[in-house]
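**Q** Starting off with a structure, shown below.
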Amino acid sequence: MNRRKTDSNNRLTYQATDLPSQGVDWEGQTTMQSLGAEEDDRFQFPNPINFSLHVTQLAEDFLITGKLDVAVDAVCDRCAETFTLNIETDDVCHRYEKAIGTVIDLTDDIREDILIAFPQSCRCSDDCKGFCPKCGANLNEESCSCNQEGEEEDERNPWAALDKLKL
Ligand SMILES: [Zn+2]
Ligand SMILES: [Zn+2]
């Protein structure tokens, strides 16, 4: 996901011309792909990124602040199901010095902002139960008796008994 492959025709840019003193709002959409973020086994990017930014001119410098959000397809670390993960950040804050009259290229900065907002661990819900380490049941969908007292055999899983014989 962090490897960079950015199409130069497809970058996120802002033409820095003189602004009113209160600045201007700049809202729109871009894509993870055009920011150069690549999909991998854990994260797929079928949806656009929404950005809601504010651009302020400070003499020759430009300050760009605001927020980003994107809904990605993510694979749960615990149960391996794919789910929709909403990623948001309102920490966008970049200053571009002596930018007046130039085209500001925000591609790399915005990509870093959104990638930093990805969670370290990725769960479909806070109480995802994941798989049973003994019988492999998806405990969100079914229960198993592995953790019950007395180590009873799980009747729905004949392999559990077989595994014990091998030991
Ligand atoms: Zn899960
Ligand atoms: Zn089990």
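**Q** Give me Rg/Rg_expected for the stretch 8-116, where Rg uses Cα atoms only and Rg_expected = 2.2 N^0.38 Å with N residues.
**A** Numbers: Rg = 15.6 Å, N = 109, 2.2 N^0.38 = 13.1 Å.
It is 1.20.
**Q** Something else now. Put a dot 7 Å past each Cα toward the Cβ at Ala80 and Asn147; how far apart are the dots in nm?
**A** According to this spin-label approximation, the distance is 1.9 nm.
**Q** Could you tell me the calculated FRET efficiency between Gln22 and Asp109, based on Cβ-Cβ distance and R0 = 22 angstrom, to the nearest 0.05?
**A** Efficiency computed from Cβ-Cβ geometry: 0.45.
Coordinate-derived values only; no laboratory data. Owing to the predicted nature of the structure, the values given are computational and were not obtained by experimental measurement. When we count neighbours, we look across all protein chains shown, and the Cβ atoms used for this are built from the backbone with ideal geometry, even at glycine.
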